[in-house]
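The values are calculated or read from the model by the stated rules, or taken from the named source; none is laboratory data. Computed from a predicted structure; not experimentally measured. Heads up, the Cβs are rebuilt from the backbone with ideal geometry, glycines too, and the neighbour counts pull from every protein chain shown.
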Amino acid sequence: MSPRSRSLPALVAGLLALLGWCHPALAVDPAQLSDPRLQARYEVLIHELRCVQCEDNSLADSDAWIAADLRREIRTMLQQGKTNRQIEDYLVSRYSEFILFKPRYSWRNAWLWSLPALLLAIGVTVAVRLIRQRAALVDQDDSEPT
């Protein structure tokens, strides 16, 4: 048996031990609420709210200390009987609407919601005008085809 083939089992065993040691670190939020309905609401909330430090992760996906603190705070508010809207309102008052992955519709941000439709209308208008102008150029062309 070659020295290389003897070290392979040791290497595999070492990797498995390392993976077993790291496994508990993969759980971001191991805490569970006693009531399954509260747990379901908690899961929805932490997936709909943005981590204020990571900015592109939800609270559920973030392992930042502030995300853990916010998850703990949300659990506490759920156990106190607060509604999802009350929890969101509290967090918005503290961190602004940035914390919401899906911003609320209001007149202040109406332009944000109407901008895609406006840009689509402008694009269609420009495309129609260009097509009509080019079609008129073809009708005016007196040159012989080559």
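Annotations
- Residue check for L26: at pLDDT below 90 and farther than 18 Å from R104 by Cβ: yes
- Hits in segment 89-146 - residues which are aromatic (F, W, Y), surrounded by 10 or more Cβ atoms within 10 Å (Cβ to Cβ) and farther than 30 Å from D69 by Cα: W113
- Which numbered condition S58 fails, given (1) hydroxyl-bearing (S, T, Y); (2) loosely packed, with under 15 Cβ neighbours inside 10 Å; (3) modelled with pLDDT of 90 or more: (2)
- Only one entry in I122, I66, I99 is in contact with a helix residue (DSSP H, G or I) (Cβ under 8 Å, 6 or more places away or on another chain), among the β-branched types (V, I, T) and either modelled with pLDDT of 95 or more or closer than 21 Å to Q39 by Cα (or both), namely I99.
- Index of the failed condition, A110 passing every other in (1) within 22 Å of V52 (Cα to Cα); (2) at pLDDT below 90; (3) not β-branched (V, I, T): (1)
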